[in-house]
Each structure stands twice: as C-alpha cells, then as structure tokens.
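What follows is one structure encoded as structure tokens, with my remarks underneath.
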Amino acid sequence: MFDFLSDYDNPTLLGAFWMTVKLTFFSGIGSLIWGTLLAAMRVSPVPLMRGFGTAYVNIIRNIPLTVIIIFTSLGLANIFRVTMGSDDFKVQDFRLAILGFVTYTAAFVCEALRSGINTVPLGQAEAARAIGLTFSQTLRLIVLPQAFRSVIGPLANVLIALTKNTTVAAAIGVAEAAYLMKGMIENEAEVLLIGAIFAFGFVVLTLPTGLILGWLSKRLAVKR
Amino acid sequence: MTSVLYDAPGPRAKRRNVIISVVFFALLALAAWFIWYKMDEKNQWAWALWKPFTQSEAWTTYLLPGLGNTLKAAALAMVIGLPLGAFFGIARLSDHVWVRLPAAWVVEFFRAIPVLLLMLFANEFYNSYTGVSSEQRPLYAVVTGLVLYNASVLAEVVKAGILSLPKGQSEAAMAIGLRKNQTMRSILLPQAVTAMLPAIVSQLVVIVKDTALGGVMIGFTELLNARQTMSAFYATVIPSFIVVGLIYIVLNFILTSFASWLEKRLRRSKKSTGAVLSAEDMEELNPAAVGGSFGTGGEGGGLPGSRTYT
C-alpha cells in the first residue's frame, strides 16, 4: 500500500517534513526577535516609533501571506536580484521564504506581546520608575520578562499557525510537505491515503507543540 | 500621553524623545530613499509600467474579475461554513459524550491541518471521484478547503458565544418548560449569533486572505492569480504587486472597521445581554490569520466564557 512512497526521493517524505520543521524553526526565531522589537516600538514614548509600529502591524496583517511569499520570489529575487547571500537557487528560495514568514508572523508576535505587556500591573512599572529605572530598563528588567511568561499561550498559537503557514513556501518551490503532497497527489491514485499521511504529519507536528507550550504557559504564568 | 511604562515627559525626556525621533526619522527616510533608489535603478518608476492602472482595460479584464472571484469564494465559504460551524459548535456543548467527543475530534483535526493541504486534497479528490468540470474544480476545491477549516474555527466561536451568555438565560428557558432543543434554537443561538457578529465579520478577513492560496496552487482565478496573468501581459511585476496589495489592504480594512463598528454598537445596545465576541477574541481562536483591529487597542471587554484552545 505504501510502495509509492519509495518513488519519491527528492525530497523524501521525512525530508519534506524536515524542511517544514526547519522553515518553522528559523522563521519562529526571526519573528520572535523582529516581533519583540516591533512591540517595544509600539509601547515606546516616541510617537514616531509608535506610529511606525502601528502602521507596520496593520498593513502587514491585511495582506495575504501568499502575496508576501510570491513577492519575495518574483519581486525581490527576479527584479531586485536579492540573493540572500547564496547563488544556489534552492538555498535562496529557502531564505526568501523565511524572510517572508518573518515579515508576516512578526506582526502577530508583536500583537501577542503587546497584550502581554497590558497584563503587567500598573504598580510594577510605577515602582520601577520610582527607583529610577529608565524606559528601556523598565521594559527589559520588569515588564517584558513577565509579559513573555503570560503570553506563552498566545505565542504557542502563533507558532502553530506559523507551522501550518510554512506550507505556503510550496508556492515558490521550496521542497516542504505541501510541495511533496502536491506532486504525489497528482501522480498517484491513492488520493485518500496520501491525504491521510500528510494530515497525520501535521497533527504530529502541531499537537505536541500545543500540549507542551500549553503546559508551560500554565506553569510559568505569573500568579496574581 | 502617558502609559504604564512612562510618565509625562519632563524637559530632559522631551529633549531625548526629540533626538530619538530625529534619528528614527532619518533611518526611515534612509530606508525609503533606498527603496526609491533600487526601484529607480531597475527602472520601476517608468510611466509605461504604471500606465495600465490608469486605463479601464486592466481593471475590467484582470483585476475586477479577479476581485470578484475572491469575494465569491469568500462569500460561499462563509455561507456554507457558518451553519456547519454552528452545528459542530452546538455538538461540542452536547450533554452526550458520544456527540461531544466526535465533534471535538473533527474540529481539532481540521484546525491542525494547513488550509493549503485541504485545498490540494479537495482539488484532487474532485478530480478522481466526482464529475465536477475542470473549469469549476478550482472554485469547488478552494471553497471546500476554506469551509472545512473555517467551519472548525467558527465552531469554536459559536461555542464561546453560547458560553458567554449569562446562565440565567437557559435556566429561565428551562423554568418555562422549554426543551433543550427549543432553548438552543429560540433562546441561546439568536443571542449568541448577535454576540458573535463582530468575530464572524473579522473571520471574513482570514477567508479573503486564504483565497490567495487557491490562486497560486490550484489555478483558481482570484485576485493574485489575475495579477499574474496581468503582469505577463503588461510586463508590470512590481506595480501590479503594489496595486493588488493595496486592494487587499483596503478590502480588509473595510471589513475590520465594519467589525469594530459593529462591536461598539452591540456593546452600547441595551437590548443585548452585553456579551460580545470581538476581533481580539478571534485572535486567540485563530491568531496568525486575523486582520488588524484598527484603533480598538486597549482593554476591549473580554468575555467570561471558557477558552481552552491549544
């Protein structure tokens, strides 16, 4: 029943899902960094920075991810010759896809973090200011550590959504799970079986993420 | 302007803020200049590339039909997905374990799978097992994928909406002798739908955005797909991306503004029970997909219903 699987070695089934994991991992880290910076801008005392953060989030969230991913390939790579530090087209597409995912996902990380910042009691920040901490010290030492702990749940949701969203990279030819499934399902007669295999793969990827991070968020949440 | 994190600025803070503003503005200007320069270098400001958008032909042949298909698929997905979602949402609240559990499995299963896989699968499924004509197949596949995914998200919305109603509602219904079925149909559901309206409208943004997947992967002729045909005809890649991006932004901005207007109106209205599911609540149900909730920042009364989504 599973004979046809051995016909696919570029990528293999495991290789394709490994690519999905790699895309998720690098995009996740990138979005966390860029999203945190955006969140810091959105709560900063400088109006211009707040304006930029708000504009970025509201614009990016209303553009389909597919448009952003296709643009990295057709716009950035083909027209502007952005090479992402590599001549190998496969590596280039992989990195461009990550660039697209970071651009998009950071907006959602930013919003999750901002809602976490709102959960920190006013008194804490007032106390921090009273002992003479500056804005960046208050944010780094007092507010963000607590905010991060309270938004593990929402961030887990963003991470799960990112895992599923990485399938869009198939649109620019990154050989991940959806790319392999498209090829397989068009060539083989076993439509239902292939559908079940890939569905199972994603359940395996997303379910433990949700469970582990859900458990963590309960454990680490600041009890008030 | 004060916030949790900073006081009203004194003279020194004011000076520092001005300096930071100037530096940040310089950085933004530098970035803008860099983009302008790169566009100029690749000759992207040439009038020939932008001219098509000033003529009606480009709009009537490519963009408007594409936008029409995008809206058609989104509307169909909503109209089919909502009753299905309501069904599964209610089933998840059933008193019988053998109804509750299977419904929960179905909902969690379709929430765990990428929409793109659902679309690819549906496309091939219709091809192999049904007689749907090949012109109609992309639309069918896109709508099927969107319905399966969004119905399961909407099921959670319906569940949260019903749980957000005060308990007295169903107790009163029981007291006047209504059956469970009647309580749900004539007391709980109508109120829950009102409470859910803003959340449902903001879910439309997600659906509109996801139609773009069908355009690239299974050849559904929606807006993004129309952009491709158009840029092949006029050789106008970057401008077409900018214009199509703007169309999506404006369309989704209208939807989110409508959702937050609706939310404010419902909160004000004295007729409802005061329970409102906002776009903010949707973010917990379906985070990376929701459109911006413009200007609604702040507390936005959360609902007391239970929310356990992982």
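The values are calculated or read from the model by the stated rules, or taken from the named source; none is laboratory data. Model, not experiment: these values are computed from the prediction. In this analysis, Cβ positions are derived from the backbone assuming ideal geometry, glycine residues included, and neighbour counts consider all displayed protein chains. The area values use the complete protein model at the heavy-atom level, side chains included, leaving out ligands, DNA and RNA. Shrake-Rupley method; radii C 1.70, N 1.55, O 1.52, S 1.80 Å.
Numbers for the structure displayed
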{"item": "Criterion: within 11 Å of another protein chain (Cβ to nearest Cβ) and open to solvent by less than 20 Å² (accessible area, probe 1.4 Å) - qualifying residue of A:Leu96, A:Leu48, A:Leu65, A:Leu23", "result": "A:Leu65"}
{"item": "The listed residue being within 21 Å of the chain's Cα centre (by Cα), farther than 23 Å from B:Val193 by Cα and within 11 Å of chain A (Cβ to nearest Cβ), out of B:Leu139, B:Leu117", "result": "B:Leu117"}
{"item": "Of the criteria (1) open to solvent by less than 50 Å² (accessible area, probe 1.4 Å); (2) touching a residue at least 12 places away in the same chain (Cβ under 8 Å), which one A:Lys182 fails", "result": "(1)"}
{"item": "Matching residues, the stretch B:237-264, being open to solvent by less than 20 Å² (accessible area, probe 1.4 Å) and either free of Cβ contacts under 8 Å to residues at least 40 places away in the same chain or at the interface with chain A (Cβ under 10 Å from one of its Cβ atoms) (or both)", "result": "B:Ile238, B:Ser240, B:Phe241, B:Val244, B:Gly245, B:Tyr248, B:Asn252, B:Thr256"}
{"item": "Residue ID - nearest to the other protein chains (Cβ to nearest Cβ), chosen from residues in the stretch A:134-150 that are open to solvent by 40 Å² or more (accessible area, probe 1.4 Å) and over 22 Å from the mean Cα position of the chain (by Cα)", "result": "A:Phe135"}
{"item": "Test for B:Gln191: is it surrounded by 18 or more Cβ atoms within 10 Å (Cβ to Cβ) and in contact (Cβ under 8 Å) with a residue 24 or more places away in the chain", "result": "yes"}
{"item": "Residue, farthest from A:Gly53 (Cα to Cα), within the stretch A:1-40, restricted to residues that are outside any helix (DSSP H, G or I) and not aromatic (Phe, Trp, Tyr)", "result": "A:Met1"}
{"item": "Any hit, the stretch B:169-192, residues being in a helix (DSSP H, G or I), within 14 Å of chain A (Cβ to nearest Cβ) and under 22 Å from the mean Cα position of the chain (by Cα)", "result": "no"}
{"item": "Of all residues in the stretch A:199-224 being facing chain B (nearest Cβ under 7 Å) and open to solvent by 70 Å² or more (accessible area, probe 1.4 Å), the one that is farthest from B:Leu118 (Cα to Cα)", "result": "A:Leu211"}
{"item": "Residues of the stretch B:123-136 satisfying the condition of being at the interface with chain A (Cβ under 9 Å from one of its Cβ atoms) and either under 23 Å from B:Val79 (Cβ atoms) or of a type in the set (S, T, N, Q) (or both)", "result": "B:Asn123, B:Phe125, B:Asn127, B:Ser128"}
{"item": "Candidate set from the stretch A:69-93 (those that are open to solvent by less than 20 Å² (accessible area, probe 1.4 Å) and within 20 Å of B:Leu213 (Cα to Cα)); member that is farthest from the chain's Cα centre (by Cα)", "result": "A:Gly75"}
{"item": "Check on B:Leu27, more than 26 Å from B:Val237 (Cβ to Cβ), open to solvent by 60 Å² or more (accessible area, probe 1.4 Å) and within 10 Å of another protein chain (Cβ to nearest Cβ)", "result": "yes"}
{"item": "Sole exception among (1) at the interface with chain B (Cβ under 10 Å from one of its Cβ atoms); (2) open to solvent by 10 Å² or more (accessible area, probe 1.4 Å); (3) in a helix (DSSP H, G or I); (4) touching a helix residue (DSSP H, G or I) at 6+ places or on another chain (Cβ under 9 Å) for A:Ala196, by number", "result": "(4)"}
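Residue-wise test of (1) of a type in the set (Val, Ile, Thr); (2) in contact with a helix residue (DSSP H, G or I) (Cβ under 8 Å, 6 or more places away or on another chain); (3) crowded, with 19+ Cβ neighbours inside 10 Å.
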| position | (1), (2), (3) |
| --- | --- |
| B:Leu146 | no, yes, yes |
| B:Ala199 | no, yes, yes |
| B:Ile218 | yes, yes, yes |
| B:Ala235 | no, yes, no |
